Every structure is written in structure tokens, then in C-alpha cells.
Amino acid sequence: MITHLNGKLVEKNPSYLIIEAGGVGYFVNISLQTYSQLGNEENCKIFTYLSVKEDSHTLYGFAESQERELFKQLISVSGVGTNTARMMLSSMTSSELVSSIASSNITSITSIKGIGAKTAQRIVLDLKDKILKAGNNTDNNSAMMNNTIKNEALSALVVLGFDKKMAEKVINQITHAEPQITDVQELIKKSLKSF
């Protein structure tokens, strides 16, 4: 499974990118949301999902890992394929879509091209509990991301031989003092300096 690509942005279109990584050009299908978030820098990092079918292997790309997770949740719903999920993420931002699902707003979901009332109801039925359970509503999006970063940093520090409770305390102090930290490596480096 290809989890992300980090390379030269060769071509950028509203529906796809071509990224050269390791001498190979990858054709990556994207949503309008990802298109608008990506700058025009020569190098870029994109999170990916590889869809494998009998007759094709298709790569989908996302500017943020949260968008990829939402995409994976959407395609887990019966009747929602990869193209439908991409259309949904092109029509609404991740937070708008999550908010619509969490509040059972069928009307806003059916406003997306190709989504009928039955499909919208199935999406809400299948995903509402998962989204609420994960704390994946609009207010907790950044909190969820911070928890992932904290957990990864904590695991790394424990592997390096630090006491779990002490490491957790240091990580919490740093993230409380500097909530803008979104990089695991930066958090680990700052934690190591605090011991």
C-alpha cells in the first residue's frame, strides 16, 4: 500500500496531479478540496489511497490525512464508490461533510451531485456513530490530529527508553504551551530537550 508520496509536482489539475518520486511519475486523482489546499511549490507531500480492482489500480491523493480517513469511511458505505466519495469531497470541505453526517443533515448531503436520498440516509446511518465516537466533528478535528501526534511521539519516546508516564507529562506540557505544533518530529525533539 502506498501511504504517501513526497516528490516533484510535475502537473496540477483540478481533478489530478502528476508527482515524480524516485524517478517514477505517479498519476494521482484528487478532490477540489485537495486542489485548493496545495500550493504551487515544486515539491509536495500528498497522502494517498490505492484502490485495487480487477481491471485497475487507481491512486487517490489528499492534502491532509483527515481527508483521506474520511474518504476511506465514505467508501466503506455500501453503494458509495471511490468516484462518489471524491465527488463528495469536491463538493464540501471535510469539516462541512462531517458536520452534515453528524447532524443527520440529509438535505445538504443530497445537494451533492449523484447523491440521492437513499444513499445519503445510508451514509448517515453507517457513519454517524463512527464520526461522533472518533470525536471527528468540526470542533474536534484539530484535537483528533493532536491526539494522533501525541500518541506517535509518546510511542517513540517509550521506544527510546523513557518512562511512559513521564513522557506523557512532558508531551502534554509542550502541546499545552505550543498548540500550533503539528509535526511529530518537532514534538519529539522538544520533548527530548525537556528531559
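FYI, it's all coordinate maths here, none of it is from the lab. As the structure is a computational prediction, the values presented were derived from the model and not from experiment. Virtual Cβ from ideal backbone geometry, glycine too; neighbours counted across all protein chains shown.
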Please build a GNM for the chain, connecting alpha carbons under 10 Å apart, and tell me which residue among I19, I101, I181 fluctuates the most.
-> I181
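How do T182, T110 rank when sorted from fewest to most other Cβ atoms within 10 Å of their own Cβ? Provide the component values of the computation, followed by the final result.
Details: T182 11, T110 17.
Exposure proxy ranking, most exposed first: T182, T110.
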Kindly express, to the nearest 10 degrees and within the range 0 to 90, the angle between helix 164-177's C-alpha long axis and the longest C-alpha principal axis of the chain.
-> 70 degrees
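Does the range 65-138 classify as rounded, prolate or oblate by the C-alpha gyration tensor (a ≥ b ≥ c root eigenvalues; a/c under 1.5 gives rounded; else a/b over b/c gives prolate, otherwise oblate)? Don't jump to the answer; show the numbers that get you there.
Working: a/c = 1.33, a/b = 1.17, b/c = 1.14.
Judged from the Cα gyration tensor, the range 65-138 comes out rounded (a/c under 1.5).
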Hey, what angle do you get for helix 65-75 against the long axis of the chain, alpha-carbon based, 0 to 90 degrees rounded to 10?
-> 40 degrees
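Tally Lys and Arg at +1 and Asp and Glu at -1 over the other residues with C-beta under 12 Å from the C-beta of S103: what net charge comes out?
Numbers: positive: K128; negative: E96.
Counting the neighbours of S103, the net charge comes to 0.
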Nearest 10 degrees, 0 to 90: what angle lies between the long axis of helix 82-91 and the longest principal axis of the chain (Cα atoms)?
-> 80 degrees
Stretch in the chain that is longest and holds no GluC sites (Glu not before Pro) that DSSP places in a loop and that have at most 16 other beta carbons within 10 Å | 65-195
Relative contact order for the range 65-138: what is it in percent, counting Cα pairs under 8 Å that are at least 6 residues apart?
-> 33 percent
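Gain in length, Q185 to N105, computed as 0.36 nm per residue apart minus the alpha-carbon separation, to one decimal in nm?
Values: separation 80, 0.36 × 80 = 28.80 nm, distance 3.86 nm.
My answer for the length gained is 24.9 nm.
What is the range 4-62's relative contact order, in percent, from Cα pairs under 8 angstrom and six or more apart in sequence? All intermediate terms of the calculation are to be shown ahead of the outcome.
Details: 111 pairs, mean separation 19.8, N = 59.
That works out to 34 percent.
Summing -39500 (n - 2.57) over the DSSP H runs of n ≥ 4 in the chain and dividing by its residue number, what mean residue ellipticity at 222 nm do you reach, to the nearest 500 deg cm²/dmol? Let's see the in-between values first.
On the way: 9 runs with 102 residues, N = 195.
After summing the helix terms and dividing by the residues of the chain, the value is -16000 deg cm²/dmol.
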Expressed as a whole-number percentage, the relative contact order of the chain with C-alpha contacts under 8 angstrom and at least six residues apart is 12 percent
Zone of V10 (label point 7 Å along Cα→Cβ, backbone N under 17 Å): which residues in the range 46-82?
-> 46, 58-61
